[in-house]
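Scroll down for the structure; my scribbles are underneath it.
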Amino acid sequence: MSSTPQKSQSDKNKITRRTAMLGAGGVGVFGVLAARLYQLQVLQAEDYRALSENNRFNFNMLLPERGEIRDRFGLPLAKNRQNFRLVMIPERTPEVEKTLDRVAQISPLSDRQRERIRRDIRQNPKFVPILVKDNMDWTTFSALNMRLHDLPGIVSEAGQGRAYPENGVFSHVLGYIGRAGDKDIEVDDDPLLRQPTFRIGKTGVEASQEKTLRGSSGKLKVEVNARGRIVREWPDPKTRAESGKDVWLTLDAGLQEFAAKQFATEDEGDDSGGICVIDVITGELRTMLSMPTFDANLFVSGLTQTDMDKLNNDPKRPQYNKAIAGGYPPASTFKMVVMLAALESRLIDPADPVFCGGKIRLGNRNFHCWKRQGHGKMDMRDALKNSCDTYFYDISQVVGIEAIADVARRLGLGEKYQIGVGGGISGIVPTAKWKQDRLGTGWRMGDTLNASIGQGFVLSTPLQLAVMAARIANAQEAVMPQLIIGEEMQNFDALDFDPRHLAYVRDAMWAVTSEQGGTAYRHRPFAEGIGLDTIQMAGKTGTGQVRGISTSERATGIRKNSKLPWKLRDHSIFVGYAPFDRPRFAVGTIVEHGGAGSKRAANITRAVLGEALRRDGIGSTGANEQGALK
Amino acid sequence: MAFQSPSFRGSRSTSGGSLTTKLFEVNWLLMTLVGLVGLVGVAMIFAATDGVWQRGAFQHLTRIAFGGVVMLGVAMIDIRLWYRLAYPIYVLGVILLVGVEFVGVEVNGSARWLDFGVARLQPSEIMKPAIVLALARYYHDLPDWKVSDVWGLMGALILLVVPMALIFRQPDLGTTLLLAATGVAIVFLAGISWRVISLASVFAAVSISLFFKFGLKAYQQERILTFLDPSRDPAGASYHITQSKIALGSGGVHGKGFMKGTQRQGEYVPENRTDFIFTVIGEEFGLIGGLMTLGLYMSVITVCIWLSLQCKEMFSKLMILGLTTTFTLYIFINLGMVMGLAPVVGVPLPLISYGGTVILAVMGGFGLILSAHLHRGVELPRTT
């Protein structure tokens, strides 16, 4: 250890010099910092103030409450219920996957759900709330609420959900709601549609009455913190969301349900088919039902693949609205059309008899009557009552397909009705031109013969058949079906048939159900009317062939429907109205593969018509008076 | 002449006076300024914690008060003792850092703490004054002609690199850089020749780029890259910077008023009680508050430099300037980060940010400065 002399004076100066240099550098850096502060807080202050406001305030869109759909008596068919759900605001969630993991610990998330959440996050701006899970039960929901502090960006809310309480029988009419798709957003620029938690009508009345049901969005200015939690709500500006308006249907829920019950079978579940009950005077539909039904609530909560497969693979096609979209050969119910066309053409005298020997020969082809041994001599009234095919083969050759088609249209066949439930079809009323356009081949007389018994190219829906029956019953006006109350009522066009001709047809239809030998009379219930004293119905059976009948079958006579596989059995069809003398309701019923029209469809129609009248107070008045007398 | 006896020079300079005399001779201007900065910290922590006294402001006040006592205590101790303790303190610091390596407590992915049961200690904070002491003594003892010589430089480098490496492994990039910069400043002040400086600069440029590529963890690289190009990841790593700038900018000239910062209330700026506390100042007191804070810091630094100029001994001068450099770098790095001029490295704003060890280390450092100034008349030995 040794000590050296003090550092020299030059060193002292050197360190002072260097201190000054460092000091100057320090001042420089302080200058830079001050300048930066000036830049941020003076020059760019406005921008940052705006950004700060952006941070601070969110304009939360207030979603309107969707209007309810009710039946004619106000019973809710589609209503709103509390839907406990979680949404995520991605910009406030630093670690999406981790947060989802934590949610999944309490309420499981499937891979599919997660994939959807990720997709939603990708496709939306970061501030839009993304649905994580909805329709949660209260226990799970409250458990998640307890953990919210661990779940940044997750917000719990009790939103609106849709419920269809009436057991599925209105599923086809109501349709269901769902997320707005890209196509919906393309045609509708309502910002509500971009809200991932918002639902719009996808099918049925939910879709057609969307504008009425939706309402309009409101706005709420809220101050939020970095985790998206609302610090406070600002009263101004606040616009309330305007709730959607209720839509009332002409349907009668009680009758609809009654009708659905009639389709039940003992051993094969619900029969497949459709039925429409229409007010003969106003055109209001009291029932519009497609069977079997499905639970529309499943579509709201998100269908599982199993549910979906089950629906899609069911041979009875529950999702398909057979009442307006099912095209069936009207079969013998079409005979009223041919009859009326014949009368209107004045080429046929209804009293002129035609001999039915069981078949008619045209060219080298036999056209068979359903009754192999033949009906014998038939005039027009008997022909309808007995549903004699030969008679109609015969007169249709005189009347011609064009006249038949014209009457069919005027009676309401071949028309797609805009009743507010999408997906209807127009069916087919064939003409020579139609065949040429459609198939490129010329019309043959054989086609006319097939059409004359409602087979061949003719296709109609239960709704069209009901309208046809209603117009025949109304006699004055071309009744149009109506489903939604409050839609502008148009005056119906005049029907413009000779009233005497219509009266003749109605009388023949009465004979079908009420006279010995009528095709619907043979079945016991009709001997007793429709279950109401003094009230009679008129109607017509139809048996729609699903397949050709082979010669051997014809020879052996083995045509028992019950022996055939379900898919090959005939469609059972019935149209009718009641009361016969003061028509009130008309019905068109089709039971797919239900066998002869005189059986399944006739029974259902009879019961439903009776119930419709009872619910309308017809026939019960007397009973009430009796009760009062007691 | 191993140890020179103290000599008295000038009428006011003293080192051997009684405790009361010494207390009077302490530079009270620096004491006051440091205390003021500390009080700014108390107020801002109070605001940052939504006015909940117990969530930091009270602790901060206690620490400042305790720190003031420590500062005075350190100042009273004879500079010769500090001179003698320079290397032992340095060695202790290194040992504690090694301890962190093995039994460190991990917080937010880096092990920086030693848990002594009653208190947690951050050895890297102790290392900051320790490295200054060690280097000051090293250059005090080093003959002039060796300052720019390879061996002379080597010694300084070894003193510097050992703690740097240990701190870097924690990992704590901010403190590592701070240590490096402080060391470089002392070497510079010690009078190293410009030739060496220019050579070293070239070498540093090359090694820094290599270091960035291979020596940094992914998140550290990401932070720096994000800083250089904030659009890389607007929601992720640069969220801090963006929100911090919004807080500052929206404060404007006058600020939103004490306790009225909306960015703060909304908890948009993370860590605003600690590293990002300047955002609270800027948001609630605006440009005026920000510049006043800068001014306060500058006065502290100016006073320190002024004190260093009054010292005669190399050890005292280098120690004061080294500690001042550390303090200044704290401010630069922190404010640069908060204002979006430097990457987010996690360096507190000295005396204002919440955090115990830092306050003790910084105020202990100021105690050393005061001691050096108080004992400026004392002659120090030179050991070579």
Taking R0 as 35 Å, what's the FRET efficiency between B:Ala218 and A:Asp307 from their Cβ-Cβ distance, rounded to 0.05?
0.15
Pairs beyond 32 Å (Cα-Cα), from A:Lys416/A:Lys599; A:Lys98/B:Lys128; B:Lys260/B:Lys317
A:Lys98/B:Lys128; B:Lys260/B:Lys317
Just report the Cα centroid separation between region B:146-165 and region A:57-136, whole Å.
63
Prolate/oblate/rounded label for chain B (Cα gyration tensor, a/c 1.5):
oblate
Give the angle, between 0 and 90 degrees and rounded to the nearest 10, that separates the Cα long axis of helix A:389-399 from the longest principal axis of the Cα atoms of chain A.
80
What are the aspartates and glutamates whose alpha-carbon lies under 14 Å from the alpha-carbon of A:Lys221, with same-chain residues fewer than 8 places away excluded?
A:Glu53, A:Glu233, A:Asp236
For region A:47-154, shape from the Cα gyration tensor axes a ≥ b ≥ c, cut at a/c of 1.5 then a/b versus b/c, turns out oblate
Once normalised by the length of chain A, the mean sequence separation of its alpha carbon contacts under 8 Å that are 6 or more apart gives a contact order in percent of 13
Assertion target for B:Leu157, B:Leu321, B:Leu370, B:Leu291, ordered by fewest C-beta neighbours within 10 angstrom first, is B:Leu157, B:Leu291, B:Leu370, B:Leu321
Whole-Hz ³J(HN,Hα) for each residue in region A:362-373, computed from phi via Karplus 6.51 cos²θ - 1.76 cosθ + 1.60 with θ = phi - 60°, x for glycine and proline: what do you get?
10, x, 9, 10, 8, 10, 8, 7, 4, 9, 4, 7
Nearest-0.05 FRET efficiency for A:Asn145 and B:Arg55 at R0 = 25 Å, using Cβ-Cβ distance, is 0.45
Round to the nearest 10 and give me the degree value, 0 to 90, for the angle of helix A:111-123's Cα axis relative to the longest principal axis of chain A.
70
What ranking of A:Arg365, A:Arg471 emerges when the number of other C-beta atoms within 10 Å of each C-beta is taken as an exposure proxy, fewest first?
A:Arg365, A:Arg471
Counting only DSSP beta bridges with both partners in chain A, the antiparallel fraction in percent, to the nearest 5, comes to 95
Net charge, A:Phe299 excluded, C-beta distance under 13 Å - Lys, Arg +1, Asp, Glu -1:
+1
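Once you sort the root eigenvalues of the Cα gyration tensor of region B:256-384 as a ≥ b ≥ c, which label holds: rounded (a/c under 1.5), prolate (a/b larger than b/c) or oblate (the other case)?
Working: a/c = 2.96, a/b = 2.45, b/c = 1.21.
Note, shape of region B:256-384 comes out prolate.
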Out of residues 5 or more away from A:Arg286 or on other chains, whose amide H comes under 5 Å of its own, with H placed 1.01 Å from N in the peptide plane?
A:Val277, A:Ile278, A:Asp279
Inter-centroid distance (Cα atoms) of region A:404-420 relative to region A:245-295, Å
21
From the phi angles alone, apply the Karplus equation (6.51, -1.76, 1.60; θ = phi - 60°) to region B:323-333 and give each ³J(HN,Hα) in whole Hz, x where the residue is Gly or Pro.
5, 5, 4, 4, 4, 5, 5, 3, 5, 4, 5
Identify all lysines with a Cα-Cα distance to A:Lys219 below 16 Å; exclude those on the same chain that are fewer than 8 residues away in sequence.
A:Lys238
Under-5 Å amide H pairs with A:Val132, H placed in peptide plane, nonlocal only
A:Leu86, A:Val87, A:Met88
Rounded to the nearest 10 degrees, the helix B:194-215 long axis (Cα) sits at an angle to the longest Cα principal axis of chain B of 40
Taking the square root of 5λ for each eigenvalue of the C-alpha gyration tensor of the protein assembly as shown, the equivalent ellipsoid has semi-axes, largest first and in whole angstrom, of 101, 26, 22
Could you compute the FRET efficiency for B:Ser201 and B:Arg169, with r as their C-beta to C-beta distance and R0 at 30 Å, rounded to 0.05?
0.70
Would you mind ranking A:His501, A:His172, A:His368, A:His593 so that the residue whose beta carbon has the fewest other beta carbons within 10 Å leads the list?
A:His368, A:His501, A:His593, A:His172
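Taken together, the values in this text are just the output of simple stated rules run on the coordinates, not laboratory data. Here the structure is a predicted model, which means the values were calculated and not measured. Virtual Cβ from ideal backbone geometry, glycine too; neighbours counted across all protein chains shown.
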